[in-house]
Each structure stands twice: as C-alpha cells, then as structure tokens.
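The block underneath contains the structure these notes are about, expressed in structure tokens.
The values are calculated or read from the model by the stated rules, or taken from the named source; none is laboratory data. Please read all numbers here as calculations on a predicted model, not as lab measurements. Cβ atoms come from the backbone with ideal geometry, glycine included; neighbour counts cover every protein chain shown. In case anyone asks, the SASA skips ligands and DNA or RNA and just uses the protein heavy atoms, side chains included. Shrake-Rupley method; radii C 1.70, N 1.55, O 1.52, S 1.80 Å.
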Amino acid sequence: MFSNRSRVSQIANQEQSWLDGLNPPQREAVLTTEGPVLMLAGAGTGKTAALTARLANLLRQRLAWPSEILCVTFTNKAASEMRERVGALIGPAVEGMPWLGTFHSIAAKMLRRHAELVGLQSNFTIIDTDDQLRLLKQLIVAEGVDDKRWPAKLLAGLIDRWKNRGYNPADLDALENEAYANGKGQRFYALYQNRLRELNACDFGDLTLHMLNIFRRERDILESWQQRFKYVMVDEYQDTNAVQYLWLRLLAQNRKNICVVGDDDQSIYSWRGAEVANILRFEKDFPGAKVIKLEQNYRSTPHILGAASGLIAENSERLGKTLWTEVDGGDKVRVIGVWDAPEEARRIGDEIERLEREGAALDRVAILVRAQFQTRAIEDRFIQIGMGYRIIGGFRFYERAEIRDALAYLRQIASPQDDLAFERIYNTPKRGLGDKTLEKLHRHARARGIPLALASVEILDTDELPARARGTLTALMRDFARWRDEAKTLAPAELARTMLDESGYTAALQAEKTAEAAGRLENLTELARAMEEYETLGDFLEHVSLVMDNEATADEEKVTIMTIHAAKGLEFENLFLPGWEEGVFPSQRSLDEGGLASLEEERRLAYVAITRARRRCTILHAANRQIYGQWTSSIPSRFIGELPADHIEEETTLSGGASMWRANWSERDDPFAHVAQASANRGASRGPGWQRAAAQPFDPKPRRIAESTRSAASFAAKPRNDIAVGARVFHEKFGYGTVAEQEGNKLEIDFDGTGRKRVIDSFVKLAG
C-alpha cells in the first residue's frame, strides 16, 4: 500500500534523474504532491518538462499506481508526447496508464461504462461533423423551417456552444432559445438529442456533458471515480470550457490532489468555448491551493520578453507574473510603418532575403497573421521573388474552398467550355440540383460533344428535367449570360462582387453566422481586392494559374505562414507580425461582438504572437488598407502604443506610430471607450460594402441565354441522322413513343404512357 504523505523532505536532496535540469520553481511543482497546485507557466518556461517530471515522480515514488492517475491533455499529439517523455523516465510502467489522454478520449472511455444511464448502449457511435450536419438538416426540413435562413451549420454551432457550457435542452433560457428559428432553439436541441439516442450515437460535445450529467445525478458513481483517481493532472487549463471545468472539479473535490498547468496570459480560444475565468478562480475553487509561477524563459531574448510583458500588463483580468531570462543581448523588437499592404509584403520579402544572405535558415522564419485574408498579398509577393513558403493550419490562399468556388464561377464566366468549373459550382451554394441532373447533363454533353454549360441550355428547352430543377437551372444560366455581358464593361473586382452577391454565395455564408464563415467572407473580400490590380478577368485568371503552378519542391527550405492562433506552442528564430492596425489587430469583429473581454483576449493573442520569437521580432503596420474595396486610412494598433519604449525600435516615415499611441492612451480612465470610438471611425470610413448590382432585364426564353454561351463555345446543334418522324423510340424516363416532329436535335414525341413531350435526340434510342 502506497503512502499518500508528501515526500518532499525525503527526496529533496536525492539526485533523481527526472529532476535533473529543473529550476527551483519547477522542482517545487514536481515535489509538491499533496493538495491542489496551480502551475502558472509562462511562455517558454518549460511547463511540459515540469509536468512530465511530476507524473514520473508520482510513479517512481509509488504514490499511486499508473491506473490511479488521471492526466488530461487537449490534443492527441500532446498526450502522445507526454506518454513518450514519461516512458523515457520510468520505462514500461507508462503503458499501464489508461487514463492519460484527451478530454474526449477519457470521457468516451468512462461513458461506455455507464452508457445506459443516458439512454445509450455501450457500443454507441461517435458521429463526425458531416453526420451531425446531415442529421440536423433532416430535422430542420421535417419541422418545416427554412434551412436557407436557418442553416444546419448555425444550429450545429449553437448546440456545440450549449454543450460546451454544460447546458441540456431544459437549461436554455429565453435568450438562448431565441437564438435559432425565432424561439425554436430548445425544441431542435431536444429533437437532436432524442434522435441521437435512437441512433445509439453521440457527438463529441456529448461525451463530457453526458458524464457530467451522470456525476450530478448518480452520487455513487461519482464517488467511485473520485476514489479511483488519487491524482488529477490537467495540461493547458486556461483552455478548458465550462463543461470540462465542472467535470474536473467534481472528480477532484474529494481528494483535492489536482495539479493544473496553464497560463492565463495565453487564453486565446474563447471562440471555441474556452473560459479564462476557470484558471483565474482556481484558488477559490480549491482553497489553500499552492500557486507556483514558472517565470524563467528558455526561449527568447530580454527585449522580446520585455516587450511582451509590458504589453500583457495592460490586461486587468490576470494572475500576474514576469518573464525573465538568463540569455544576454538580442535585438530590440522592431516596429516598422509602411504605406500599404503591398509595401508591407515587399518589405517582409526584402527582410527575409537579407536574413537568408546572412545565413539564416528559412525554416526558422515565420510570418504570423491575425486573419487568413492577410496572407494573399504576402503570397503574391513571394511568388514574384521566388521565395518558398508553406501555409500551416490552412490552405494557400488560392487553394481555400471559398476562393476555389469563386474562381470556378469566374472561370465559367470567362470560358463556358470549362466543365470542371461548371461541375464545382452548378450546385454551390446549394440550389437543389442533384447528381441525377448532372448525370443527364453529362450524357447529353457527351452525345453532342459540347460543354456542360451549352448542354444545360439545350436541355432547358425540353421536358428532360423535373420542373423545379429546370427552373433552377434556367435561373443559373440566365445569371451566367448576364455576367458574361457585364464582364465586357465591369472591372474584374466589381464583377466578382456582383457575381458573389447575385449567386447567393455571400448570403449563404452570412446565414451561417459562425466565426469560420466570417473568415471565409474576409477571404472573398481579399480576393476582390486582389482583382483590382488587373484590367481584365483573363489577366487575373492567368495570374492565378501561374501562382498555383509555382509550388516549390518539397525538400526546399520554406518560410512558414500561419495564423497566430495556430502558432501557439511553437517558436521561431525570426518572426514577422504584419497588420498591427486598429480593426485588423485587434480585430474589429471581435471587439464588436465581445467588448472589453474580447479586447483583453486580443491583447493575450498579441502576447502569444511576440513570445513565439527566439531572436528577432518585427511588427509591421500600414497607413492604408483596402476595406470592402475602398481605400481607408489605418491607424496603428493600440497594442503598439502599449509596448515599452525601452524594448522597441521604431522605423517609419509615417506620422503616428507607437509614440503617438503612448501620448493618446497613456492616461485613459476608460480604456474601452477607445474601442467604441475606433469602431465608429471605422464604420464611417468603411463605405457601403458589397452592394447588390441591379439585374438587367432578360428574355425569358432559354434560346437568349444560349447566345453568350454559344458565342464562346461555337458549337452547332446537329441532329442525329438515324431518327426521323414516325420512328419508334425509347426514353428512360418516359418509356416508348413515336416521333411526331423534329427540329434539329429537338424531338416532339408522343409517348405511350405520358403523352407528348419535347426531348433531345441524345436521350432516346431506336426501339428494337
């Protein structure tokens, strides 16, 4: 039987291998085995080494069996790394740790033991996002709700948010209930949960929520799990959401041997449900908790740490710590002001080429952006100068789904023969044109040797398609005919904005009302911006083709480009941070939606960005940006003004910069008042946005629609020479009939069972 008493005094002077290389605070965190412990670990302070050593210490000192320790991480990668590190310290005993894993994996393992208590069987299925959306859409349609106005993605996001907060359907208040379909949120949530039970399934959000519900209702089950785990350890505690927090708090309330590791200054995932308050109130949840601060940084130079620490000190909601390092010297953080985004991209390219000439490895250089749309100008510049780069945590700009969709529309406008483009967008956004319709179009196109666009026009003058599909396809082909006419006079960027609006693509993304959809809309805005540099649509599409074809070899050193969110936990020798202007960073959308809390999270994000740098950090801001197609003056981010002057070096010929912001912001009584003012200023300069272009009147006959398509394709409709009036034929849809009239490749046929129909000759066969 292992003793649970603290063994600090027993082993403090011993030379254990798992304690080698740890500094005093890390050792204290490892050796304080009893009671609640908050390991407040700053960026680059070796928290993984301390957490691993603590786990190894518990096992080597025989304070618990491997199966009596619950160790929770956020990613499978982190869990795997933890298992490998502990294994290197204690050997094969780590294989006996069944409760080392992610929240989802551990909760799923628990739930399979108690599934019947929530109406499931132990072999329940965990559905993915696609299955979830499919199921929700079925429920929406069955309830007679307009799925275009209230899309499944919106409902899925709401349900995920509710589950992250620990809400069951009955827990929703009136405000939450009104968030979907004018007061039907609770009903749909309940319908969804009932349907999951019928399918013996749950989604990822259910895993922890179901176990929380079981713990709350079944006291004996909770107590059995509390007795099982002698120690609870949690990594990245600042990223926990409400349901994870409640689940952990219940498990640890009995023994209170819980050690959480995190950094309140790096809590940047509120949009995923994370609540920084969880780590801030740890001492209240567990009175007498020992707080151990890891402040010695092993990554960055003093100037980088000084700049980051001075910035984050502006936040009021934090526990407080000061990073320091034994590293000497290092460059100050550079703050560079440029005229506009293209100059910003050129400057970054020039700086990286200089570093490369000085011997810097491109693999150790990174560019971190606040929003994905910022990468477009940088990518274009790198293509021009032949600089290798990789996009991490996302696609290259022109490879993103929404950009490829928009390009497919533009390619079809420019070239009606482009069948690949037509196939991609003929039902994007969803307009009710399914696979059967596409199959008919392909069959006719192959038989006639014509493009799908022209085949669509020809088939509209027949009864081949159901009335609804025929009407939808007619409207689409009219749109393309109009856009081709407008392409002769409209600038490419304006054509793109008109097309995205009139096609319904923009409206479909707006209806989703999610952070992901908002980011995709920003990317489309940036696409239109990029097109303003080209006189014709053809010139722009040729440029895109060259960009897509300019993929560097896999073994070549490349600069890393990624969002700041995706960079958390990484480090780079040389770092560039573009776009530090009000409205871009901090994000205006975040400020509008979240107020002061969002401002503090944006500041934490800036802190995370700076602390990714090891040796050099360069921040850039532009005096001018294009916002929704209009040039507008930009002012430097307030975060620049909050950087301590002793740790930065400014380089700009522009008015303003950090000194201006220090003067204007140094004595503010209400820091958030400036958020509102910046929002008002931005709104005044933004302009009307994408306005829907007025549709030109058009001839309702399909023949008029074909003129634009046919003029580019130059195909003539040649009839088959083996069919004549009076011939007996067979049609897969209408059956047997007799040809009554023939006009080119169009046939009027009296079918035996359905009467006279107008069809195209490629869809019939001579009756044998």
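Brief remarks on what is shown
- The criterion of being free of Cβ contacts under 8 Å to residues at least 24 places away in the same chain and not small (G, A, S) does not hold for N213.
- Contact map, the range 76-97: residues that are under 20 Å from R228 (Cβ atoms) paired with residues that are at pLDDT below 75, Cβ distance under 6 Å, separation 6+ or inter-chain. Pairs shown: R83/V94; V86/V94.
- Among the residues of the range 440-492, those identified as under 30 Å from K765 (Cα atoms), among the small types (G, A, S) and in contact with an Asp or Glu (Cβ under 9 Å, 6 or more places away or on another chain) are A445, A447, A453.
- The set of residues in the range 179-228 that are open to solvent by 30 Å² or more (accessible area, probe 1.4 Å), touching a helix residue (DSSP H, G or I) at 6+ places or on another chain (Cβ under 7 Å) and more than 15 Å from L111 (Cα to Cα) comprises A179, Q186, A190, L191, R195, R228.
- Of all residues in the range 380-431, those satisfying the criterion of being among the polar types (S, T, N, Q) and either farther than 20 Å from M531 by Cα or without any contact (Cβ under 8 Å) to a residue 60 or more places away in the chain (or both) are Q384, Q417, N427, T428.
- Scope the range 285-305; condition within 33 Å of the chain's Cα centre (by Cα) and open to solvent by less than 10 Å² (accessible area, probe 1.4 Å); matching residues: L294, N297, S300, T301, I304, L305
- Residues satisfying the stated conditions in the range 250-265, i.e. open to solvent by 20 Å² or more (accessible area, probe 1.4 Å) and outside any loop (DSSP other than H, G, I, E, B): L250
- Looking across the range 118-138, the residues that are over 24 Å from W225 (Cα atoms), in a helix (DSSP H, G or I) and open to solvent by less than 50 Å² (accessible area, probe 1.4 Å) come down to Q132, L133, L135, L136.
- Looking across the range 472-503, the residues that are open to solvent by 40 Å² or more (accessible area, probe 1.4 Å) and closer than 26 Å to K148 by Cα come down to A475, R478, E494.
- Selection status of T514, polar (S, T, N, Q) and surrounded by fewer than 20 Cβ atoms within 10 Å (Cβ to Cβ): yes
- First in the range 250-263 and at pLDDT 95 or above, second anywhere and of a type in the set (K, R), Cβ under 6 Å, 6 or more apart: V261/K47
- Flag for A554 being assigned to a helix (DSSP H, G or I), modelled with pLDDT under 90 and of a type in the set (A, V, I, L, M): no
- Condition check for A308: open to solvent by less than 10 Å² (accessible area, probe 1.4 Å) and either at pLDDT 95 or above or not in a helix (DSSP H, G or I) (or both): yes
- From W225, W247, residue being under 27 Å from R604 (Cα atoms) and either of a type in the set (F, W, Y) or assigned to a strand (DSSP E or B) (or both): W247
- Qualifying residue in the range 447-460 (condition: out of contact with any Phe, Trp or Tyr (no Cβ under 9 Å at 6 or more places or on another chain) and surrounded by fewer than 19 Cβ atoms within 10 Å (Cβ to Cβ)): no
- Qualifying residue in the range 483-493 (condition: modelled with pLDDT of 90 or more and within 30 Å of D160 (Cα to Cα)): no
- Within the range 724-740, being assigned to a loop (DSSP other than H, G, I, E, B), open to solvent by 50 Å² or more (accessible area, probe 1.4 Å) and touching a residue at least 24 places away in the same chain (Cβ under 8 Å) holds for E732, K733.
- Among the residues here, R149 does not qualify as surrounded by fewer than 19 Cβ atoms within 10 Å (Cβ to Cβ), touching a helix residue (DSSP H, G or I) at 6+ places or on another chain (Cβ under 7 Å) and within 16 Å of F204 (Cβ to Cβ).
- Of the numbered criteria (1) under 17 Å from E571 (Cβ atoms); (2) within 29 Å of the chain's Cα centre (by Cα), the one E314 fails is (1).
- Enumeration of residues in the range 398-426 that are more than 17 Å from G538 (Cβ to Cβ) and either open to solvent by 30 Å² or more (accessible area, probe 1.4 Å) or of a type in the set (D, E) (or both): E399, A401, E402, R404, D405, D419, L420, E423, R424
- Some residue of the range 231-239 being in contact with an Asp or Glu (Cβ under 6 Å, 6 or more places away or on another chain), among the polar types (S, T, N, Q), open to solvent by 10 Å² or more (accessible area, probe 1.4 Å) and under 27 Å from T514 (Cβ atoms): no
- Members of the range 425-435 found to be assigned to a helix (DSSP H, G or I) and modelled with pLDDT of 90 or more, listed by number: I425
- Within the range 13-117, helices (runs of 4 or more DSSP H) holding 1 or more residues that are modelled with pLDDT of 90 or more, buried (at least 21 other Cβ atoms within 10 Å of the Cβ) and touching a helix residue (DSSP H, G or I) at 6+ places or on another chain (Cβ under 9 Å): 24-31, 47-60, 103-114
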